[in-house]
Amino acid sequence: MTPEGNGKPNTNAVEVRGLKRSFGRQVVLNGVDLEVPAGKIVTIVGPSGCGKTVLLKHLNLLLRPDAGSIIIDGIDVTRMRSAALNSVREKFGMLFQAGALFDSMTVFENVAFPLVEKTSLSREQIRARVLETLTAVGLQGMDAKYPSEMSGGMQKRAALARALVHRPKILMLDEPTTGLDPSRTGAIHDLIRQTQRNFGLSAVMVSHDVPAVFRISDRVAFMHRGRMQLTGTVEEVMASNDDEFKRFLAGRASGDDLENNQVSS
Amino acid sequence: MIERLGASILDGIVALGNFVLFLFNSIAFALIPPYKPRLAVRQIRIIGADSLFLIVLIGAFTGMVLGLQGFTTLRRFGSEGALGTVVALVIVRELGPVLAALMIAARAGSAMAAELGAMQSTEQVDALTVMAINPVQYLVSPRMVAGIISFPLLTTIFDVIGIWGGWVVGCGLMGAPSGDYFNGIAAQLESHDIAIGLYKALCFGVIVMWVSCYKGYHAQRMATGVSRATTEAVVLSSVLILMADYIVGALLL
Amino acid sequence: MYASRTTQFIVGIFGILGILALAILSFRLGQISIFPPPGYTLYASFDNIAGLKPGDEVEIAGVHVGRVQSIELKDERARLAMRIDDGVQIDNDAIASILTSGLIGSKYVSIAPGPGEKILANGDTIRQTQSAFVIENAIGQLINNAGSSSAGASGGAGASSGGAGDIGAPPGTASAAPKAAPCPPCGTEKSHSASTAKK
Ligand SMILES: Nc1ncnc2c1ncn2[C@@H]1O[C@H](COP(=O)(O)OP(=O)(O)OP(=O)(O)O)[C@@H](O)[C@H]1O
Ligand SMILES: [Mg+2]
């Protein structure tokens, strides 16, 4: 649970130590420690509102921590200026919880965007790659639609396609399967696993699809009260006797869970 | 109490500094690569080309009003021959740049603030940031460039239409001497006057884009935040346009 | 998000329209010239040009023949350079006067041809000039003329605010001026101001 002295920092794609962040008086992150080993999928689970999205936004420095450090590929980026951060961010593929598709662009343009902006691929190569990715997320034939013309689940999948299309080294997925039907959820899980295997990606994923998501996870972190209550491999976590986690799995949130926002420092 | 006051003064200074920095950034990022000419072209269409009809309409009526009022006033002095000069100088130096800028602020500035505000509240701006794309460079700088290009063009179109509008009413309807109308303009309208009009248009273009983008970019992430940003963009743009009009006019005379 | 072909086309049209408008405004309406306009240059010196500006018109018998190019102060007098259209012939006895169209209208230069034989060429000077009508001077003159009774056309030269040398023309020549330019009273010429006084 506590990060043991790590002699080989390069084996972690993402490493977070003692991360703290409050909004006004509300303490959201209260000393989070997390390691994402290179080439692994780490899934963060936890009750709604416990700060999972806030944590992800700290990993890509959209938000800055009050204390603690964030290390990406062995580089401490916590206090890096945004110009210097760009070279780090080019490794990221981020799926926002609400999609964050560019609503003035078609689905095709959205998915092509990272390729157009950040690679020197030719038009045909981009086109082929985009259509292939759209097919993989089950949106074949939808490329000319605008985000506002699609259902929530379709938007989510388009956003996932945009996060995957340029094969980033580090994937950050905020609830990739929320709002999808069960069969689609399974297909998306397979896609994430497959992409991750094929390209040797590292991934941090936030998900509420417990326990379905454990099938594709290498490690699981259970977030509670602004900390990682429990981390380990899927087997370790499932075998743990942690009360909170058991209650979480069983779908019986304690009063504490619902009030976790009020955790004070 | 005094502490509170001090804090709010400090906040005000910080906000002002942010506001000015935003202008510097948006211009600086337009000058350093990667350049986004195609984004600027798209914005020129939205700000400039799509405003064309409105500008022609407003320009024509402004000229017609000036033709009518100018004629009835000048006739009292027996100087109807000076109508062209009056209409041209008033439009080219003052009304053209100011009215065109106010119209574009209301039309394109508000739309821009709303669009950027919506992009901010749906995390599209964050999405750009995570993709290692500077959102100011991607969203604001092309608009700034487009404003700097579009405003002078729209203003000269306004000027020409306005001068003709004044001629139609002053000479066509009211009977001012048509030859004098254009001879007066030819004699009195100098490159200096046209330059003043263009400088003003340029300043107003920067002001409208700066204010509108700033307000939209810093909108609170909710519907009322976006609507407030839109209103503030138009109001602040208009106020700054009139203030800058006086300052530029006084400096260049 | 990027500019489609239609957008590029529309923006192109918009740019052309804008540039065209600027060209019309500058060259068609404002008649601002980058190159010196065709024609030839004549000079004329005045005691008082009273608000005449470069770009103002030069006329003969009410017909546009050129424009004032530049104005400079030389020997305490205003020296005008006028660009006269090619083909317009002005003789060496012509008189240049500065007139006003309307009461507060713009100033212009009117040239009245004289009986001279020699045609002025590029760089020559029109020697006979009448300065601008300045209302204060005219009133002063009126009072003066009334005071010196009906001395008539031979009234004291001191009454003229134009000063010596401004008008060296014989009366016959000067009488051409009112004919060529039917205008409000023109100040400095004594025979002319006498006729004004009679009205
Ligand atoms: N910009 C912000 N300003 C103030 N408070 C915020 C902000 N962003 C998040 N919070 C607070 O932080 C807490 C955690 O929010 P977060 O979005 O991380 O939850 P979450 O774990 O992602 O929940 P969910 O599973 O429902 O997405 C919430 O209580 C929220 O009110
Ligand atoms: Mg969340």
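Please work out the average accessible area per residue across the stretch B:37-252, using the 1.4 Å probe convention, and give it in Å².
That works out to 36 Å² per residue.
So for the stretch C:36-84, considering every pair of alpha-carbon atoms, how many percent are separated by more than 12 Å?
The calculated P(r) of the stretch C:36-84 puts 60 percent of pairs beyond 12 Å.
Based solely on C-alpha atoms, express the radius of gyration and the Dmax of the stretch B:37-252 in angstrom.
In order Rg, Dmax, the Cα atoms of the stretch B:37-252 give 19.8, 69 Å.
Along the charge dipole of the protein assembly as shown, Cβ charges K/R +1 and D/E -1, which of A:Gln155, B:Cys171, A:Leu63 sits furthest on the positive end?
Value computed over the given set: A:Gln155.
Using only the alpha-carbon atoms, what does the stretch B:1-41 span along each of its principal axes? Please give whole angstrom values in decreasing order.
52, 16, 10
Within chain B, which DSSP H helices have Cα atoms that stretch 18 Å or more along the helix axis and a mean Kyte-Doolittle hydropathy of at least 1.0?
B:2-31, B:52-76, B:141-167, B:223-252
If each Cα of the stretch C:37-135 is one equal point scatterer, what is log10 of I(q)/I(0) from the Debye formula at q = 0.20 Å⁻¹?
Result of the Debye calculation: -0.94.
For labels at B:Ala15 and A:Ile75 in the simple 7 Å Cα→Cβ model, what's the distance in nm?
3.7 nm
Partner chain Cβ atoms within 10 Å, averaged over the residues of A:102-114 - can you pull that number for me?
Taking all residues of A:102-114 together, the mean is 3.
Quick one: what are the phi-derived ³J(HN,Hα) couplings along the stretch A:73-89, Karplus 6.51/-1.76/1.60 with θ = phi - 60°, whole Hz, x for glycine and proline?
With coefficients 6.51, -1.76 and 1.60, one gets 6, x, 9, 6, 9, 3, 10, 5, 7, 5, 5, 5, 5, 4, 5, 6, 5 Hz.
What average count of beta carbons from other chains do you get within 10 Å of the Cβ of residues in B:79-88?
3
With the solvent-accessible surface defined on protein heavy atoms using a 1.4 Å probe, which residues belonging to the stretch C:76-115 display a reduction of at least 50 Å² in accessible area in the multichain context relative to the isolated chain?
C:Ile104
Considering only the protein assembly as shown, what is the antiparallel percent among its DSSP beta bridges, to the nearest 5?
Around 65 percent antiparallel, to the nearest 5.
For the charge dipole of the protein assembly as shown, defined by +1 on Lys and Arg C-beta atoms and -1 on Asp and Glu C-beta atoms about the Cα centroid, which residue among B:Val65, A:Thr178, B:Leu251 has the Cα displaced farthest towards the positive pole?
A:Thr178
How long, wide and thick is chain A, going by the Cα atoms along their three principal axes, in whole angstroms, largest first?
Here the spans come out as 52, 40, 35 Å, largest first.
In Å² (nearest 100), what accessible area is buried between B and C, both sides summed, heavy protein atoms only, 1.4 Å probe?
Roughly 3000 Å² of accessible surface disappears when B and C pair.
With +1 on each Lys and Arg Cβ and -1 on each Asp and Glu Cβ, and nothing else charged, work out how big the dipole of the stretch A:58-206 is about its Cα centre, in Debye to the nearest 20.
Dipole magnitude for the stretch A:58-206 comes out near 320 debye.
In sequence order, what are the phi-derived ³J(HN,Hα) couplings for the stretch A:50-59 according to the Karplus relation 6.51 cos²θ - 1.76 cosθ + 1.60 with θ = phi - 60°, rounded to whole Hz, with x for glycine and proline?
7, x, 5, 5, 4, 4, 4, 5, 7, 5
Which one, C:Tyr108, A:Ala100, B:Asn134, projects farthest toward the positive side of the charge dipole computed for the protein assembly as shown from Cβ point charges (K/R +1, D/E -1)?
About the Cα centre, the residue reaching furthest to the positive side is A:Ala100.
Please give the per residue accessible area of the stretch C:37-135, computed with a probe of 1.4 Å over protein heavy atoms only, in Å².
I get 45 Å² per residue for this part.
Roll a 1.4 angstrom probe over the protein heavy atoms and tell me the percent of accessible area of the protein assembly as shown that is carbon or sulfur.
59 percent
Could you list, in their original order, any pairs among B:Lys36/B:Lys200; A:Lys91/B:Lys36; A:Lys20/A:Lys246; A:Lys20/A:Lys57; A:Lys118/B:Lys36 whose Cα atoms are separated by more than 18 Å?
Checking Cα-Cα distances, B:Lys36/B:Lys200; A:Lys91/B:Lys36; A:Lys20/A:Lys246 exceed 18 Å.
With N denoting the number of residues in the stretch A:50-159, provide Rg(C-alpha) divided by 2.2 N^0.38 Å, to two decimal places.
My calculation over the Cα atoms of the stretch A:50-159 gives 1.23.
Anyone know which of B:Leu99, B:Leu21, B:Leu202 comes out most mobile in the 10 Å Cα GNM of chain B?
Fluctuation is largest for B:Leu21.
For the protein assembly as shown, take the convex hull of the Cα atoms, compute a quarter of its surface area, and give me that in nm², please.
Its Cα hull, projected and averaged over all orientations, spans 44.6 nm².
Could you state how much accessible area is buried at the A-B interface, both sides summed, with a 1.4 Å probe, in Å² to the nearest 100?
1600 Å²
The values are calculated or read from the model by the stated rules, or taken from the named source; none is laboratory data. The structure displayed is predicted, hence computed values, not measured ones. Because the Cβ atoms are built from the backbone with ideal geometry, glycine has one as well, and the counts that use them run over all protein chains shown. Side chains are part of the model used for accessible areas, which takes the heavy atoms of the whole protein and leaves out ligands, DNA and RNA. Shrake-Rupley method; radii C 1.70, N 1.55, O 1.52, S 1.80 Å.
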